[in-house]
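Each remark here refers to the structure printed beneath this line.
The values are calculated or read from the model by the stated rules, or taken from the named source; none is laboratory data. It should be emphasised that the depicted structure is a prediction, and the values quoted were computed from it without experimental measurement. When we count neighbours, we look across all protein chains shown, and the Cβ atoms used for this are built from the backbone with ideal geometry, even at glycine.
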Amino acid sequence: MTASSPPSRLFAADALLPTGWTRDVLLAWDDRGALVQVQPGAARPAGVPAAAGPLVPGMPNLHSHAFQRGIGGLTEFRGSGEDSFWSWRSLMYRFALKLTPVQLEAIAYGLYVEMLEAGYTAVCEFHYVHHDADGRPYADDAELALAVMRAAQRAGIGLTLLPVLYQTSGFGAKPPGEGQRRFIRSTDSMLRLLERLKPLCEAQGAHAAAGGPAVRLGVAPHSLRAVPPEALRELLAGLDALDPTAPVHIHIAEQVQEVEDCLAWSGQRPVAWLLDHAPVDVRWCLVHATHMDAGEYRRAAASGAVAGLCPTTEANLGDGIFDLPRWTADGGAWGVGSDSHACVNAAEELMLLEYSQRLATRRRNVAADAQQPEVATAMTLAAVRGGAQAAGRHIAGLAPGQQADFVVLDAAHPALAGLVAPQQLAGHVFASHRTSAVHDVFVGGRTRVAAARHPDHDAAQAGFVAARRQLLQESPT
């Protein structure tokens, strides 16, 4: 389409708008992929295609370490002693040390195609493998970040790129370990990287009309244990000079040991320390935030920050269970991510989040609310809102001015057939194989998945498999 082309259009008998389910909705979007019309109660115009089932907003994946998809299935054994997050991390480091730029791009590309087929339309990439295997910068310091950007563009998924500042191995500025050598940066070198990437991200966004997805640049201080206070202050000041609206993501309070170590170092719990020492607001995503006390829940929710919940990874690593009812009672925003990609499935994250709350509270439909008693509907709307906020992009659902990112569910799927739209979404989340009911996926108004399949599915997965085989031959876990 050229700049003067008429809007593209799609008719849906049922669509999930930010206000809830609506009948007979006509969507139209411009050549940059932005919605210009969302008209309920419309008649289907002649020649306008109809969706194959109910239309739901595309899900942002607010936390991803792409390369970790390559270790799926390799850490599910018990070594000597008690297995935990920390023993898993040692195995992950060994894998990361051998990764080449070509392998990273192949793994990320395969992963991003998987994400699209699973109902994700955007990803926040928490990118912390920066240097070569010896810990030296590449000739182009942005080489690995550019590999991630290329993978996202090839797959057609929206990207928020979050280069990670990582300096120490523990609270009190403990020196980094040998296994962390590819991650380490000075604050100045991180700010130079952001300056290098900013025009590239803006240029890719400016060419979205040519078929590439938009890219948003933010930053991620890895965690309080990895970024000392002075470095955190310098990073945030430099980021504000570059882009005062850029997203800021941080791992926090994921593990009980982290909380105990922070208390020993500062006399405060991690979230309380962060709220007292950093300007936490709506730009921030607090990834995991699993272990908070009542005061931290209340203060963090009031800050406007998004809680970045990764239920399948948190379960896989034995992190613990986030108290969603307390967070939402305090007005907190939240979204979901696939993190280490033990599972790549947007609906699966919602299902496990709800099931973990049922196990903890011994109640059902915990994440429903007075406005949306259908739990799958309530969770989808909340996760899309929170994910869009964390991504720093206009992807907050089916409304004018937002990007035309949406998923068409298969109304003929056995788990959905014969049901009304809210029940069909519930069937997708709780009663299907969760990817099997995804029919089509649109990003910026462009079809990325048709009839449940990405056009590059075979090539993307073959590249992923080849890269992982090569890495396992070099560095078996």
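Checking R78, R69 one by one, the residue that is in a helix (DSSP H, G or I), basic (K, R) and in the same structural domain as G158 (by TED's automatic domain parsing) is R69 and no other.
Within the stretch 304-313, one or more residues are assigned by TED's automatic domain parsing to the domain that holds A237, touching a residue at least 12 places away in the same chain (Cβ under 8 Å) and surrounded by fewer than 21 Cβ atoms within 10 Å (Cβ to Cβ).
Is it the case that some residue within the stretch 428-450 is outside the structural domain of Y112 (by TED's automatic domain parsing), more than 23 Å from the chain's Cα centre (by Cα) and more than 30 Å from K98 (Cα to Cα)? Among the residues of the stretch 428-450, at least one is outside the structural domain of Y112 (by TED's automatic domain parsing), more than 23 Å from the chain's Cα centre (by Cα) and more than 30 Å from K98 (Cα to Cα), which makes the answer yes.
Based on this model, can you work out whether G179 counts as surrounded by 19 or more Cβ atoms within 10 Å (Cβ to Cβ), small (G, A, S) and in the same structural domain as C262 (by TED's automatic domain parsing)?
Details: surrounded by 19 or more Cβ atoms within 10 Å (Cβ to Cβ): no; small (G, A, S): yes; in the same structural domain as C262 (by TED's automatic domain parsing): yes.
Judged against the criteria, G179 is not a match.
I'd like to know if the stretch 117-125 contains one or more residues that are modelled with pLDDT of 95 or more, touching a His at 6+ places or on another chain (Cβ under 8 Å), crowded, with 17+ Cβ neighbours inside 10 Å and small (G, A, S). Looking through the stretch 117-125, none of the residues is modelled with pLDDT of 95 or more, touching a His at 6+ places or on another chain (Cβ under 8 Å), crowded, with 17+ Cβ neighbours inside 10 Å and small (G, A, S). When L425, L409, L398 are checked against the criterion of being crowded, with 22+ Cβ neighbours inside 10 Å, among the aliphatic types (A, V, I, L, M) and farther than 18 Å from A382 by Cα, a single residue qualifies: L409. Tell me, please, whether a residue that is surrounded by fewer than 17 Cβ atoms within 10 Å (Cβ to Cβ), under 19 Å from Q153 (Cβ atoms) and either at pLDDT 95 or above or assigned by TED's automatic domain parsing to the domain that holds F442 (or both) can be found in the stretch 93-105. Checking the stretch 93-105: at least one residue is surrounded by fewer than 17 Cβ atoms within 10 Å (Cβ to Cβ), under 19 Å from Q153 (Cβ atoms) and either at pLDDT 95 or above or assigned by TED's automatic domain parsing to the domain that holds F442 (or both). Consider the stretch 302-341 and keep the residues that are part of a helix (DSSP H, G or I) and of a type in the set (D, E, K, R). The one that is nearest to F67 (Cα to Cα) is E314.
Pairs meeting the criteria (first residue in the stretch 58-74 and at positive phi, second residue surrounded by fewer than 22 Cβ atoms within 10 Å (Cβ to Cβ), beta carbons under 9 Å, at least 6 apart or on different chains) are G73/A342.
When A246 is tested against (1) closer than 21 Å to V215 by Cα; (2) of a type outside the set (K, R); (3) at pLDDT below 95, exactly one condition is not met: (3). Would you mind telling me which numbered condition in (1) part of a helix (DSSP H, G or I); (2) modelled with pLDDT of 80 or more H131 fails? So the condition that H131 fails would be (1). Listed by position, the helices (runs of 4 or more DSSP H) contained in the stretch 346-439 that have at least 1 residues being over 23 Å from A315 (Cα atoms) and of a type outside the set (D, E) are 375-391, 421-426.
Could you tell me whether any residue of the stretch 260-281 is hydroxyl-bearing (S, T, Y) and surrounded by fewer than 18 Cβ atoms within 10 Å (Cβ to Cβ)? Yes, the conditions are met somewhere in the stretch 260-281. Checking the stated criteria, V271 turns out to be in contact with a strand residue (DSSP E or B) (Cβ under 7 Å, 6 or more places away or on another chain) and within 29 Å of R385 (Cα to Cα).
Taking residues in the stretch 364-375 that are in the same structural domain as Q423 (by TED's automatic domain parsing) and surrounded by 15 or more Cβ atoms within 10 Å (Cβ to Cβ), and partners anywhere that are assigned to a loop (DSSP other than H, G, I, E, B) and among the hydrophobic types (A, V, I, L, M, F, W, C), not one pair has Cβ atoms closer than 9 Å while being at least 6 places apart or on different chains.
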